[in-house]
Amino acid sequence: MDKIQHKDKELDYLTRSLLHHPSPYIIYELDGSIAWANMAAIYIFELDQLNEISIKKIDDEIKNNFGDLDSIALYYDTPIEISLRKISFFMRTRVHMIPMTDDTGIMLIELLCSSRDGLNALRETIQCIENNRIELAYQKQYDLNTNKVTGVEALLRMQDGEGGYFANDRVIPLIEGEKLFSLIVLESLNQVKKFFEVKDSLGLKDTTLYLNVSAHTIMHQEFCKIFTKFVKDNDIKPNEFGLEITETAELEDIKKASESLGRLKNEGIKIALDDFGAGYASLKYIKDLPIDVVKLDRDFTSNITDEATSKLVKFVAEVCDELKLEMIGEGIETEEEKNKMIDLGCTIGQGYLMHMPSFVDEFEIEK
Ligand code: C2E
Ligand code: MG
Ligand code: MG
């Protein structure tokens, strides 16, 4: 049997058997060409055809780790380096070596994701990055008494390629732990930079532009450097740029996070605690993190007519007042909610009532 046919048969067998495996595989041959075991693999394969992305060749050292090719099912876990848009990142993988009868072997690279949903989200994200389908929408925040804009929140918009957008609440939690996510942060910063170029001309001078960052991003070793460099390189004035920290319950090391955030604060970056009241440890974070702003979760706003909820909102407003923190009410959709917020002491708000998230070119210039 000729070699190609033989390989095809092996691959076909593997493909069929791996389809039943809980996590997906890429088959990577030693000569550098890639065949596939399932859709995920096809995707990586296609990426590899582009100049901008390359899966770094598995080096000899890794090959040697397998020893000879006699036994079956040899594997070990290792990150593999992938570069996309000239930025390298590592994907958690498990490399398998499958010996072939003609003394060669093929490698399987298993992408280690916690779930199939996670893998799909990763693929969607790679597609977005690769095709420039990442944008930021912006939503204004208002002083509820004067209707003046006090800040703007940048919100990620990843196009799904079919005219819509991936839902942030679904995709972000699945990918934020992945190294790949740092590409999104970097791409977002590119766009924030462009926003700063037009910010004053939009009538938004002296307002704060907030970017959402997840707990995973804060724990990233380059985190501080990236953001301090950003404000320095772009000459951003103190209090004109801020970070909204989401998913704080995931902060692994509060002390370390607090030090990093403190350093950013020293550079004039405002720190907001997002979705306050939704995570179980929020009160503790007010105490332990060097924050300037508390953003009250939308859930409180939509239940504001409920007596217990309104008491809690009042309590948070008092705490913020006492600790000299700004408080922003999220998700204000009706005049009633807005007025109730003001009554309870929350004077800054954000929501569809005042402004729908939109792209900069749709912005009305503030007077
Ligand atoms: P978030 O930071 O709390 O953002 C507010 C979310 O509520 C946004 O959804 C916004 O479009 C929506 N919203 C604003 N006003 C209203 C309102 O009046 N009513 C209702 N029902 N919703 C309103 P979006 O854009 O889908 O983002 C969801 C979450 O995804 C964000 O919640 C944030 O946690 C995360 N996220 C968004 N952009 C980024 C990003 O660039 N990086 C990271 N790490 N997370 C992001
Ligand atoms: Mg936010
Ligand atoms: Mg929020």
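The values are calculated or read from the model by the stated rules, or taken from the named source; none is laboratory data. All values reported here derive from a predicted model rather than from experimental measurement. As a convention, Cβ positions derive from the backbone with ideal geometry for all residues, glycine included, and neighbour counts pool all protein chains shown. For accessibility, only protein heavy atoms count, side chains too; no ligands or nucleic acids. Shrake-Rupley method; radii C 1.70, N 1.55, O 1.52, S 1.80 Å.
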Among all residue pairs at least 6 apart or on different chains, which show Cβ distances below 9 Å where the first residue, located in the range 328-354, is closer than 17 Å to Thr150 by Cβ and the second is aromatic (Phe, Trp, Tyr) and within 14 Å of ligand 3 (Cβ to nearest atom)? Gly329/Phe300; Glu330/Phe276; Glu330/Phe300; Gly331/Phe300; Gly331/Tyr352; Ile332/Tyr352
Could you look through the range 197-216, keep only residues that are away from ligand 3 (no atom under 16 Å from the Cβ) and open to solvent by less than 40 Å² (accessible area, probe 1.4 Å), and pick out the one that is farthest from the chain's Cα centre (by Cα)? Gly203
Which members of the range 276-298 meet the condition of being surrounded by fewer than 21 Cβ atoms within 10 Å (Cβ to Cβ), in contact (Cβ under 8 Å) with a residue 24 or more places away in the chain and within 13 Å of ligand 3 (Cβ to nearest atom)? Gly277, Gly279, Ser282, Asp297, Arg298
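Would you call Thr228 open to solvent by less than 50 Å² (accessible area, probe 1.4 Å), closer than 20 Å to Gly329 by Cβ and either within 18 Å of the chain's Cα centre (by Cα) or of a type outside the set (Lys, Arg) (or both)?
Values: open to solvent by less than 50 Å² (accessible area, probe 1.4 Å): yes; closer than 20 Å to Gly329 by Cβ: no; either within 18 Å of the chain's Cα centre (by Cα) or of a type outside the set (Lys, Arg) (or both): yes.
So Thr228 does not fit the description; no.
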Residues of the range 231-255 satisfying the condition of being within 16 Å of ligand 3 (Cβ to nearest atom), assigned to a helix (DSSP H, G or I), closer than 27 Å to Lys140 by Cβ and open to solvent by 70 Å² or more (accessible area, probe 1.4 Å): none
Can you tell me which condition Val319 does not meet? The list is (1) away from ligand 1 (no atom under 15 Å from the Cβ); (2) under 20 Å from Tyr138 (Cα atoms), and all the others hold. (2)
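Here's a check for you: in the range 312-353, which residue that is assigned to a loop (DSSP other than H, G, I, E, B) and within 15 Å of ligand 3 (Cβ to nearest atom) is most open to solvent (accessible area, probe 1.4 Å)? So that I can check it myself, show each step before the final result.
Initially, the range 312-353 is screened for residues assigned to a loop (DSSP other than H, G, I, E, B), giving 323-325, 330-334, 345-347, 350-353.
Then keep just the ones that are within 15 Å of ligand 3 (Cβ to nearest atom); that gives 330-333, 346, 350-352.
Numbers: Glu330: 25, Gly331: 17, Ile332: 0, Glu333: 100, Cys346: 0, Gln350: 6, Gly351: 2, Tyr352: 128 Å².
Ranking the candidates gives Tyr352 first.
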Say whether the condition of being away from ligand 3 (no atom under 16 Å from the Cβ), part of a loop (DSSP other than H, G, I, E, B) and assigned by TED's automatic domain parsing to the domain that holds Lys311 is met by at least one residue in the range 256-266. no
The range 167-228: helices (runs of 4 or more DSSP H) wholly inside it with 2 or more residues that are more than 21 Å from Pro357 (Cβ to Cβ) and within 16 Å of ligand 2 (Cβ to nearest atom) are 215-219
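What number of residues within the range 165-181 are modelled with pLDDT under 85 and either in contact with a strand residue (DSSP E or B) (Cβ under 7 Å, 6 or more places away or on another chain) or of a type in the set (A, V, I, L, M) (or both)? Break it down stepwise before answering.
First, the residues of the range 165-181 that are modelled with pLDDT under 85: 173-181.
Imposing the further condition that a residue be either in contact with a strand residue (DSSP E or B) (Cβ under 7 Å, 6 or more places away or on another chain) or of a type in the set (A, V, I, L, M) (or both) reduces the set to 174-176, 179-180.
Within the range 165-181, residues that are modelled with pLDDT under 85 and either in contact with a strand residue (DSSP E or B) (Cβ under 7 Å, 6 or more places away or on another chain) or of a type in the set (A, V, I, L, M) (or both) number 5.
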